[in-house]
Structure formats: structure tokens, C-alpha cells
Amino acid sequence: MNYTRKFLWVFLAVLVAGSTAYAEEGRGEVSFNVGWIFSDGVTGDNFLAPNGNIYNRIDPKDSFAWGFTGEYYVTDNVEAGFRFNRQQSKLEIGGTTTTEIGDMKVDGYHGIFSYNFGDHDAPMRPFVYGGLGATHFGGVSFQKVNGTIGETSTLTKFSTTWGGGLKFHASEHLGFRAEVNWTPTHIKTDEEGWWCDPYWGCYVVGNPQYSNQFGFSGGLNLRF
């Protein structure tokens, strides 16, 4: 079972539980969003490719994204929930030139806590949230120099996610959600050198590298 299917089962369970609870107390919320994500990757050692170019970085390409969030009001202002986001990206390598390798999906799975400002029944509510989870970089199929087809390995790494925006509700159940989001994913740590202290001694220090996703999105916000 792939990561998307696993998440869909979890999300369905959360949605059913949240809908049942909301039927009793009116505290469930689900949003469906579309938007755009600006992405960056990481750098590495110079690599001389068979095409004569030197490459030293790898990046997901800026692209369209979609996602959904299911949350439950623990209090009138605080929500706990789960967020899924998929970036329909492409994998690029860069250096003396930029080369597009192939299509790549970047999926985010995060448990989140949100804080909503203002009254529970206000027509417009600013909100902020933060969460912990994982980012999954899908495999990429590509054509090798000899004409055969290869595929990169998938990669799943721990990540956090942070965001905020506005919720607009024209009615009790139907509204609109607009937000900005940042998801940094730790990919690797490069050794940078030695650091010495007269008390603690000497040890190797590293330079952590993150793949960052900066997103803007909007969509329906439903309360049940």
C-alpha cells in the first residue's frame, strides 16, 4: 500500500470520527485547497555528466499543488487535525545548465494544531498553525544516455509545516480558506569542519540542508 492510500484511510477515519462528533457538537471542519508551491532542493559535490555539463544541485520544480485538511475544534479557538498536500512537480538538476529529469510527486503528511482568532461564529477568522510529520519525494522515471529507462529511489524525511491565513464564512457550513504555508524538510547534513572549545573539546560541526516548500493556496472550507 503506497503512502497516498495509507493517508486516505487515516483521513477517512478522521473525517468520519470528526463528522460524527460534529453532528453532536458542531465542531468538525474540512478544507480542500489548490495553489502554487515554490520549491528548492540541496547542493552537493560537482559531478561531470556524460553530456559534458557539471551538476551540483537537485531541486523540485515550482509547480501546482493541491491538498486537504481535516480538523476538530478542541476549544472554540484551538483545532487539532491532519493535513495532506501534494505538489505535482518535476525533478531538476542544476549546475552549468539546468536539466529536467522527469515528473515527481512531493507529498506532505502532517498532524497539525491550529489557533483561530476571534469568536467561533465570526464570519472572518485569521488563523495560524504548525505541525509535525513527513515529506515523501516520489520516484522519477527518466531516459538514460544509452536509451534505457531508469528510475530514482523514493525518499521520505521528517518535516515540519507552518502556515496561516484567513477563513471566510458566508453561511454556517460553507466558506472559503486562503493561506500561506512553509514546509522545511531536512535532507542531509554536510560536514563543515572542526569546532574547538577549551571546556568541551573539539568535535565535527555540520551544515544541515533543507528542501523548502513555500506555498500559496485557497479553496472551500466546510463545517459539519
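The values are calculated or read from the model by the stated rules, or taken from the named source; none is laboratory data. Computed from a predicted model, the values in this text were never measured in an experiment. Counting neighbours? That spans all protein chains shown, and the Cβs are built from the backbone with ideal geometry, glycine included.
Assess whether residue 113 counts as being surrounded by fewer than 19 Cβ atoms within 10 Å (Cβ to Cβ), at pLDDT 95 or above and within 14 Å of the chain's Cα centre (by Cα). When the stated conditions are applied, residue 113 does not pass them. Quick one: is residue 179 over 22 Å from residue 101 (Cβ atoms) and either of a type in the set (A, V, I, L, M, F, W, C) or modelled with pLDDT of 90 or more (or both)? Yes; evaluated as a whole, the condition is true for this residue. Within segment 140-163, can one find any residue that is among the small types (Gly, Ala, Ser) and modelled with pLDDT of 95 or more? Yes; the residues of segment 140-163 include at least one that is among the small types (Gly, Ala, Ser) and modelled with pLDDT of 95 or more.
Of the set (1) over 22 Å from residue 42 (Cα atoms); (2) in a strand (DSSP E or B); (3) of a type outside the set (A, V, I, L, M, F, W, C); (4) more than 17 Å from the chain's Cα centre (by Cα), all apply to residue 129 but (4). Across segment 68-78, not a single residue is classified as over 30 Å from residue 222 (Cβ atoms) and either of a type outside the set (Val, Ile, Thr) or touching an Asp or Glu at 6+ places or on another chain (Cβ under 9 Å) (or both). Here is the figure for segment 111-141: residues that are touching a Leu at 6+ places or on another chain (Cβ under 8 Å) and either among the aromatic types (Phe, Trp, Tyr) or in contact (Cβ under 8 Å) with a residue 60 or more places away in the chain (or both) total 3.
Considering the conditions (1) out of contact with any helix residue (DSSP H, G or I) (no Cβ under 8 Å at 6 or more places or on another chain); (2) over 30 Å from residue 49 (Cβ atoms), residue 154 is excluded by exactly one of them, (2). Taking the conditions (1) in contact (Cβ under 8 Å) with a residue 40 or more places away in the chain; (2) touching a Ser or Thr at 6+ places or on another chain (Cβ under 7 Å) in turn, residue 168 satisfies each one other than (2).
Taken over segment 76-110, residues that are modelled with pLDDT of 95 or more and closer than 21 Å to residue 224 by Cβ amount to 8.
Candidates 78, 106: the one that is touching a Ser or Thr at 6+ places or on another chain (Cβ under 9 Å) and surrounded by 14 or more Cβ atoms within 10 Å (Cβ to Cβ) is 106.
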